[in-house]
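**Q** Below are the structure tokens for one structure; questions will follow.
Read the figures in this text as sums done on the coordinates, not as results from a lab. Every value quoted in this text rests on a predicted model; they were computed, and no experiment measured them. For neighbour counting, all protein chains shown are included, and Cβ atoms are generated from backbone atoms with ideal geometry for every residue, glycine included.
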Amino acid sequence: MIQLSILKITGYGPWTLTLGSDREHELQMLQASLYKEVQKLFSEKNCLVFLNRADEFFVVSNGLGLDEHIEIQKVLEKSFDIHLAISIGFGDTPFDANLKAYDGKKNKLILNEEHNIFGFVNNTPDSKVTIMHLDVDDLTSQRKSNSPYEITSIIFGLYSKMSKYFLEKKSLTFFMGGDNFMVIASENGKNSVQNFIDMVKDDDEISLNCGIGTAFTSREAVKLATKSLDTIREIRDSGKEKPEVYELSC
Ligand SMILES: Nc1nc2c(ncn2[C@@H]2O[C@H](COP(=O)(O)OP(=O)(O)OP(=O)(O)O)[C@@H](O)[C@H]2O)c(=O)[nH]1
Ligand SMILES: [Mg+2]
């Protein structure tokens, strides 16, 4: 069972217009500082925030109750001119949790009116979450034959494929910067990752490594996923044949 909390700025479109046309730099600074604060507040509660299209946030919030969400909302409301709505949902897969959060907001299932929180909180908070950390093997060597923008185009092409492939497995993919991706994974998504790696190797000549982590909180799952990825690198760098997928669980 996975719990997702989706944070969305309320009335953002109309508010941006109030800034006039010379606004883009202001919006970029606002989005960056909002992301920094949201990541800080949730990581302090052992969650990880995934940036979605720069103005929306997906938090894997396993183990977090309504009271903790209210606590975070109070800090955000004090810190920013704009305000956020939180929709919480849970389900057997990350995609289902996202649907439930979406339904909760659409059907106005209010959890806390004053602080704009909607949806459903999982009251059996002992379920684990699986995160996969995928990274291009030796991107540095590609930099020798491709310019910075060409690398970006390759990475975004890969992101597009990954997002589509794992969505079909009810898993959610996020781009983390550089050549790093994280997938909030269903069981099916986790079991299909080797197939994805093989497909990308055959079709695009891109080699990927994948570290998998499973734990009760998303921060711990991400820590284990990154540790798994680093383990693959260590095996490779010691001269042994490396696995492409490595998994750790708490
Ligand atoms: N989000 C995130 N970005 C990282 C992490 N480690 C590295 N990066 C970014 O990824 C870029 C590429 O670094 P690497 O993946 O280490 O380089 P590489 O040549 O592909 O080396 P290997 O992945 O070890 O094969 C870096 O410039 C960073 O921007 C990480 O743990 N998380
Ligand atoms: Mg890499």
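**Q** In 5 Å bins starting at 0, how do the alpha-carbon pair distances of region 172-213 split up by percent?
**A** 5, 20, 29, 29, 15, 2
**Q** Between residue 204 and residue 80, what is the spin-label point distance in nm, taking each point 7 Å from the Cα along the Cα→C-beta axis?
**A** Between residue 204 and residue 80, the simple spin-label model gives 3.0 nm.
**Q** If we sort 232-244, 189-201, 140-152, 209-221 on the protection proxy, mean other Cβ atoms within 10 Å, highest first, what's the order?
**A** Descending mean neighbour count gives 209-221, 189-201, 232-244, 140-152.
**Q** On full extension of the chain, what length is gained from residue 33 through residue 180, given 0.36 nm per residue of separation minus the C-alpha to C-alpha distance?
**A** 50.8 nm
**Q** While we're looking at this one, here's another question. For a quick protection proxy, order the peptides 223-229, 154-160 by their average other-Cβ count within 10 Å, most packed first.
**A** Top of the packing list down: 223-229, 154-160.
**Q** First check a/c for region 129-249, with a ≥ b ≥ c the square roots of the eigenvalues of its C-alpha gyration tensor; if it is under 1.5, answer rounded, and if not, answer prolate when a/b is larger than b/c or oblate otherwise.
**A** oblate
**Q** Could you tell me the largest-minus-smallest coordinate of the C-alpha atoms of region 1-66 on each of the three principal axes, in descending order and whole angstroms?
**A** Result, largest extent first: 44, 19, 18 Å.
**Q** Okay, next question. Counting Lys and Arg as +1 and Asp and Glu as -1, what is the net charge of the other residues whose Cβ lies under 15 Å from the Cβ of residue 45?
**A** -2
**Q** Which whole number in µm²/s is D for region 2-119 by Stokes-Einstein, with the Kirkwood Rh taken over Cα pairs at 4 °C and 1.567 mPa s?
**A** Value of D from the Cα-based Kirkwood radius: 89 µm²/s.
**Q** Tell me what the chain gives for mean residue ellipticity at 222 nm when only DSSP H runs of n ≥ 4 count, each as -39,500 (n - 2.57), the sum divided by the residue total, rounded to 500 deg cm²/dmol.
**A** Computed ellipticity for the chain at 222 nm equals -14500 deg cm²/dmol.
**Q** I need the phi-derived Karplus couplings for region 62-77: 6.51 cos²θ - 1.76 cosθ + 1.60, θ = phi - 60°, integer Hz, Gly and Pro marked x.
**A** For region 62-77, the Karplus-derived couplings read 3, x, 9, x, 4, 4, 5, 5, 5, 3, 5, 4, 4, 5, 5, 5 Hz, x marking Gly and Pro.
**Q** Hand me the GluC sites (Glu not before Pro) from region 4-109 located in a DSSP loop with no more than 11 other Cβ atoms within 10 Å, in residue order please.
**A** When the GluC sites (Glu not before Pro) of region 4-109 are filtered for loop state and at most 11 Cβ neighbours within 10 Å, 44 remain.
**Q** Using a simple charge model, +1 on the beta-carbon of Lys and Arg, -1 on the beta-carbon of Asp and Glu, nothing else, what dipole does region 129-249 show about its Cα centre, in debye to the nearest 20?
**A** Roughly 360 debye for region 129-249.
**Q** Helix 193-204 versus the longest principal axis of the chain: what angle, 0 to 90°, nearest 10, using Cα atoms?
**A** For helix 193-204, the angle is close to 70 degrees.
**Q** A further question follows. Can you pull out the chymotrypsin sites (Phe, Trp or Tyr not before Pro) in region 55-147 that DSSP calls coil and that have at most 15 other Cβ atoms within 10 Å?
**A** Filter output for region 55-147: 80.
**Q** A further question follows. Could you give the distance between the Cα centres of region 213-241 and region 34-103, to the whole Å?
**A** After rounding, the separation between the Cα centres reads 25 Å.
**Q** Exactly which trypsin sites (Lys or Arg not before Pro) in region 64-111 are in a DSSP loop and have at most 13 other Cβ atoms within 10 Å?
**A** Loop-located and lightly packed - 108.
**Q** Within region 109-134, which residues have the backbone N less than 20 Å from the label spot 7 Å out from residue 244 along Cα→beta-carbon, could you tell me?
**A** Under 20 Å, as judged by backbone N against the label point of residue 244, lie 131-134 of region 109-134.
**Q** For the chain, what is the Kirkwood hydrodynamic radius in Å, using each pair of distinct C-alpha atoms?
**A** 19.2
**Q** A follow-up question, please. Relative to the first principal axis of the alpha-carbon coordinates of the chain, what is the inclination of helix 24-43, with its axis defined by its Cα atoms, in degrees from 0 to 90 and to the nearest 10?
**A** 80
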